Amino acid sequence: MPYLLPSDVLVWLLVAAVAAYGWYCHRYAHLSVPWARVFRSPAAVASAVVLSAYLAIGLLDSLHFRPALPAKPGATEKAYSTEVLSMLDLGLAQLRGRAEKTYSAPLATRSYAKEQVELPGGKQARDFPRLRFGGAQLQDEADWAEDVARRVLAGFAVAALAFAAFAFLIRWLRRRRPEVPWNAALVAVGVLLFLAGPAFALSTHYHMLGTDKVGQDVFYLALKSIRTSLVIGTVTTLVLLPVGIGLGTMAGYFRGWVDDLIQYVYTTLNSIPGVLLIAAAVLMMQVVIERNAEWFSLAAQRADVRLLVLCAILGFTSWTGLARLLRGETLKLSQLEYIQAAHAFGVRDSHILARHILPNVSHIVIIAMVMDFSGLVLAEAVLSYVGVGVDPSTNSFGTMINAARMEMSREPVVWWALATAFTFMLALVLAANLFADAVRDGFDPRVRM
Amino acid sequence: MIESVLQVSGLKTSLDTPRGELRAVDGVDIELRKGECFALVGESGSGKSMTALSLMRLLPETGRIADGRVLLRGPDLLAGQDLLALPEAAMRAVRGRRVAMIFQEPATALNPVLTVGRQVTEVLERHTQLAGEAVRKRALELLDAVGIPDAGRRCEEYPFQLSGGLKQRVMIACALAAEPEILIADEPTTALDVTIQAQILDLLAKLQAEREMAILLITHDLGIVARMAQRVAVMYAGEIVEVAERDAFFAAPQHPYAQKLFEALPAPQKRGAELSVIAGQVPPLTAPFAGCRFVERCDLAFKRCHEELPRLIAIPADVMAGRLVRCHLREQGPAPAPRHVPPMATEGTVIAAERSPAIVSVESLKVHFPIRKGVFKRTVGQVRAVDGVSLTIRQGRTLALVGESGCGKTTAGKALLRLILPTEGRVVFAGRDLSSLSRRALRESRGAMQIIFQDPYASLNPRMRTADILAEGMRSLGVGRDEKDRARRMAQLLAQVGLPLEALQRYPHEFSGGQRQRIAIARALAVEPKLIVCDEPTSALDVSVQAQILNLLKSLQERLGIAYLFITHNISIVEYLAHEVAVMYLGRIVEHGAADEVLANPKHPYTEALLSAVPAVPAAPGVDGQREIIRLSGELPSPAQPPPGCHFHPRCPKAMSECAQAYPAAVALERGRTVSCVLYRASKAASSS
């Protein structure tokens, strides 16, 4: 049975909004020209490829359903599991189901902790036990290297095929749009494919990136964390944008007491330590949710609402930067002569704000949105580390890093969970930052159209 | 033979642009002689500034010098030294030491975090042997020499504490510090007011004479050329098209482009007639040329002009030495001197003016901006931007409001439209006082009064298409029955301002400056106004484009009977276009009357000084166009603390002790003329007794 979590609704609404914006940009030269300029930068194209890979995983993870339980004899209605799964879970069923007992190193065949094992002769000994799933197909552990190599090669072969197909597609695209640096896209796709191919080939029979404390596959956790990061990075802007745009342009346009009031609000808000404010809000929210457990029928729903409330809290505490930028720009714009000409026509203030001010600050909004994204992704990690982030049952890079606090102090050290979270997040934030740079350059008003 | 100090030959400079290589300077030859002022004239985009920057090797990053030689000669270097071949380190010793440059915008050319004295001593330390106390002494001397009053105190001040004129003087002091042989002045007075401009031009002329310095003066203003230069070169599309001695040039310009430039200048004798315009635009400099660069815009072009590149030739049978022209026509001999139209009779303007009904009358309009300080924003003073202005604007007439920047003319125009809320006074329109109207009632009368702004790049929303721009006012004020009706009106408007119909679907950035100004005019016309406030509508445009816009405004007035309040500092436009003129000084009107009378016979000492400061193009050969210049000392005082008594008395050459006591009341003279000056009250009292 398809099941919509509240955040799914918002995510798909955002997708629709972005599609509508794209269509709108396509029609208006003042918007399509800067975007075309963005995609003339090789770094932007490459990072867009990486971001779309993340996005694809995140979107797959946003199609939820509740699996049907095996029909009980005599039951007329179909019963559904209380567990909410996504399309991504379905695709990664192999990874999800194969939990070990506890830690195991990447590609290991044996556990990371010694256990009491029963030898074939009936004797007991303390040894590293074989994993239940990782490398279980191996009759002889001596074949490990050969098996891994075989799988890596198979992965490469599949990747090479996919790459060739993609190169064909690029050739067609290049003819239609010769100004876009397609080679950068090709390289980025190549790197992604040659990483993903072996990864999936290995992950069917090994724990490619090891397992965590309770034996879950770290690779699976990392993939599941992507959605959380994306939701935090994008849904937050849904809250942030209306507040920031509304208050910022109003302060700059009306001035006088409106400006004073809005400035006082955001200076006050800015002078409270951000983490403290968020922590207080999140803790209050937790209490409310726990008191009213009856609001939520499923655990997944509760975790999801917590995620959304976190987005809202982040949004309400981080609009000040955008508002300040927009106030300054609006102050400048409202002195311009076309605004005065509109006044001379007796155009209403609301119309002037919507038709003259807003389109002319849109580049700042776009730049701020893209630049904020990486900041928000990192903020989530910090907050979850402090313990005021997402629900513990929600997979996120923050919770992975939080868990790694204990693992790093272990002897021998468990490094893979932290390293995985670090690598996945680095790739996401780096791509987002590179893309943001290109967007800023593309929308720079000093570059004349 | 006069010694040449700088010889430029075959200079070619190109800029890399997204549309390809732009040949901004394409084979320029200049010879600069010792102690002369050589003017390089041209419209924007002609490559005159690029030439100057190439000489200094200060090109922007995308620019490079493709070819040519710049020979700098000096007493020790008779053969000359090619500046383009010097290594950068040696070039740094030339810049400032041998060749100095001053720029257009004094506000950005000085470092805001260094004191004025420091900026001068920096140059001295770099280029002279002086050190320690001697440097400081020399800096003081220099600041004194460029006419900075109280140089000792000014030395310790920062650029923001100085006015524009003083900053330009500091720039000149910096440029002169190392006693260069050559001074390149790139539009040195464009950012300044006329009275300040006169001061700076005088200073440059004086320094040139004292130091035998050669000046390469780059300007677009033929009036400045007439006042300053000994020789003139006209640039067009990257090439020099004419070189001549000043007097010969103004007597009979030889190149069709130069001739056209003169014809496009507004002047009193052209009143009533259309200004001649140069059709079309400067050709793009990215494509190679097969023929003359001016051919598309030239009325005299013939077949050969399209096919053969003209060379810079000396005119046969021309007695005037050193005269070069780039035109095939001149191979047959020099062009005749232009016909000089005698000034048209302008009698009866006042009578006609009194007959036409008043549209708007402004009564003692005041706009005061409070100066607030402290936590509670207490008002500690008032900036009296407009301080009691009374005007009457009549149907179908043009009233020019003239004054220097900061005198409050723009504020007065905007307060009239209620774009700025007036502090006091009445604006009576159609029998109703606008200041008493509610917001809603005001909206209804908005359509009758419109405004055209100075900068056509800032006055159109870059995110809106022309159609939306034109429709905005109509929608807001309910002009036109429905969208279809409005679309029909828009087509009509475009035809009126001379733009093609497809302009509707385009964005402002696709138009040139003149076309944008046409859109702005169409936008104002869309709501059928009776009065248009024109706030310096041509000051950002080139002379040839200015002529088009002035013609358009004039023909619209004749056809539609619109009244204009024309705010400007350009006296020649006033002479050409205005019926009446009001001169403003520090928030008040000092003189008001029929345009021809006020301009021909100014009564108020300020009007006299203002008119004399305007560098004029000689109206007829032999006649020196320059009025005797009345030099005003100092600058416009702050409107926050106007001087007691007559605001003008601290600068007035005719000031008396009486002037400091009370502001003189307006005295009505004959034919509706008023003057606010003690001189006339005195004479009236004397005649009556």
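The values are calculated or read from the model by the stated rules, or taken from the named source; none is laboratory data. What you see is a predicted model, and the numbers here were worked out from it, not measured in a lab. Using ideal geometry, Cβ is built from the backbone for each residue, glycine included, and neighbour counts are taken over all protein chains shown.
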| query | Of all the residues that make up the range A:308-365, how many are among the hydroxyl-bearing types (Ser, Thr, Tyr) and under 29 Å from the mean Cα position of the chain (by Cα)? | reply | 4
| field | Positions within the range B:491-512 being under 23 Å from B:Val543 (Cα atoms), within 14 Å of chain A (Cβ to nearest Cβ) and part of a helix (DSSP H, G or I), in sequence order | value | B:Pro508, B:His509, B:Glu510
| said: I'd like to know if the range A:150-157 contains one or more residues that are over 30 Å from A:Leu10 (Cβ atoms), crowded, with 16+ Cβ neighbours inside 10 Å and within 28 Å of the chain's Cα centre (by Cα). | reply: yes
| message | Please count how many residues of the range B:412-422 are more than 11 Å from chain A (Cβ to nearest Cβ) and more than 18 Å from B:Tyr564 (Cβ to Cβ). | response | 2
| query | Residues A:Ala196, A:Ala184: which one is in the same structural domain as A:Ala160 (by TED's automatic domain parsing) and either over 23 Å from A:Ala48 (Cα atoms) or surrounded by 18 or more Cβ atoms within 10 Å (Cβ to Cβ) (or both)? | reply | A:Ala184
| query | How many residues are assigned to a helix (DSSP H, G or I) and over 15 Å from the mean Cα position of the chain (by Cα) when one looks only at the range A:384-419? | reply | 14
| task | Could you grab the pairs with beta carbons closer than 9 Å, sequence gap of 6+ or different chains, first residue in the range A:282-295 and farther than 21 Å from A:Glu380 by Cβ, second one among the hydrophobic types (A, V, I, L, M, F, W, C)? | result | A:Trp295/A:Ile289; A:Trp295/A:Val305
| note | With criteria (1) more than 30 Å from A:Ala136 (Cβ to Cβ); (2) away from chain B (no Cβ under 14 Å); (3) among the aliphatic types (A, V, I, L, M), A:Val84 comes up short on (1)
| Any idea how many residues of the range B:196-208 are β-branched (Val, Ile, Thr) and over 12 Å from B:Pro615 (Cβ atoms)? | 1
| query | In the range B:531-541, which residues are modelled with pLDDT of 90 or more and more than 12 Å from every other protein chain (Cβ to nearest Cβ)? | reply | B:Cys534
| task | Among the residues of the range A:264-288, write down those that are of a type in the set (S, T, N, Q) and more than 19 Å from A:Thr320 (Cα to Cα). | result | A:Gln286
| note | Over the range B:286-298, the set of residues touching a Ser or Thr at 6+ places or on another chain (Cβ under 9 Å) and assigned to a loop (DSSP other than H, G, I, E, B) is B:Thr286
| query | In the range B:464-490, how many are at negative phi, outside any helix (DSSP H, G or I) and either away from chain A (no Cβ under 13 Å) or touching a Cys at 6+ places or on another chain (Cβ under 8 Å) (or both)? | reply | 2
| Is it fair to say B:Arg439 is more than 9 Å from chain A (Cβ to nearest Cβ), surrounded by fewer than 22 Cβ atoms within 10 Å (Cβ to Cβ) and of a type in the set (Lys, Arg)? | no
| task | All but one of (1) among the acidic types (Asp, Glu); (2) modelled with pLDDT of 75 or more; (3) not in a strand (DSSP E or B) hold for B:Glu363, so report the exception by its number. | result | (3)
| request: Return yes or no: is B:Arg432 within 14 Å of chain A (Cβ to nearest Cβ) and of a type in the set (Lys, Arg)? | output: no
| query | Which is within 14 Å of the chain's Cα centre (by Cα) and of a type in the set (Asp, Glu), of B:Asp221, B:Asp202, B:Asp247? | reply | B:Asp221
| request: Taking the residues in the range B:379-400 that are assigned to a strand (DSSP E or B) and either within 14 Å of chain A (Cβ to nearest Cβ) or in contact with a Gly (Cβ under 7 Å, 6 or more places away or on another chain) (or both) as candidates, determine which candidate is surrounded by the most Cβ atoms within 10 Å (Cβ to Cβ). | output: B:Val386
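Yes/no matrix, rows are residues, columns are (1) under 23 Å from B:Thr190 (Cβ atoms); (2) over 21 Å from the mean Cα position of the chain (by Cα); (3) surrounded by fewer than 18 Cβ atoms within 10 Å (Cβ to Cβ):
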| residue | (1), (2), (3) |
| --- | --- |
| B:Tyr564 | no, no, no |
| B:Ile571 | yes, no, no |
| B:Ala594 | no, yes, no |
| B:Pro605 | no, yes, no |
| B:Glu608 | no, no, no |
| B:Ser612 | yes, no, no |
| said: Filter the range B:443-458 down to the residues that are free of Cβ contacts under 8 Å to residues at least 40 places away in the same chain and either within 16 Å of A:Leu333 (Cα to Cα) or facing chain A (nearest Cβ under 7 Å) (or both) and list them by number. | reply: B:Arg443, B:Ala458
| query | Is it the case that the range A:301-310 has a residue that's assigned to a helix (DSSP H, G or I), within 12 Å of chain B (Cβ to nearest Cβ) and either among the hydrophobic types (A, V, I, L, M, F, W, C) or farther than 15 Å from A:Asp391 by Cβ (or both)? | reply | no
| field | Candidate set: the range A:332-349, residues that are touching a helix residue (DSSP H, G or I) at 6+ places or on another chain (Cβ under 7 Å) and free of Cβ contacts under 8 Å to residues at least 60 places away in the same chain; chosen: the one farthest from the other protein chains (Cβ to nearest Cβ) | value | A:Ile339
| query | Among the residues of the range A:26-60, how many are within 13 Å of chain B (Cβ to nearest Cβ), hydrophobic (A, V, I, L, M, F, W, C) and either outside any helix (DSSP H, G or I) or surrounded by fewer than 18 Cβ atoms within 10 Å (Cβ to Cβ) (or both)? | reply | 3
| remark: Condition set surrounded by 20 or more Cβ atoms within 10 Å (Cβ to Cβ) and polar (S, T, N, Q), scope the range A:359-386, selection farthest from the other protein chains (Cβ to nearest Cβ): answer is A:Ser384
| message | Cβ-Cβ distance below 6 Å, separation of 6 or more or different chains: which pairs start in the range A:78-89 with a residue that is surrounded by fewer than 14 Cβ atoms within 10 Å (Cβ to Cβ) and end on one that is in a strand (DSSP E or B)? | response | A:Lys78/A:Ala68
| remark: Apart from one, (1) under 26 Å from B:Gly413 (Cα atoms); (2) modelled with pLDDT under 90; (3) part of a helix (DSSP H, G or I) all hold for A:Gln286; the odd one out is (1)
| All but one of (1) within 14 Å of chain A (Cβ to nearest Cβ); (2) under 22 Å from B:Cys646 (Cα atoms) hold for B:Gly425; which doesn't? | (1)
| field | Residue that is surrounded by the fewest Cβ atoms within 10 Å (Cβ to Cβ) [pool: residues in the range B:131-147 that are out of contact with any Cys (no Cβ under 9 Å at 6 or more places or on another chain) and among the aliphatic types (A, V, I, L, M)] | value | B:Ala131
| Which is away from chain A (no Cβ under 14 Å), surrounded by fewer than 19 Cβ atoms within 10 Å (Cβ to Cβ) and among the hydroxyl-bearing types (Ser, Thr, Tyr), of B:Ser555, B:Ser544? | B:Ser555
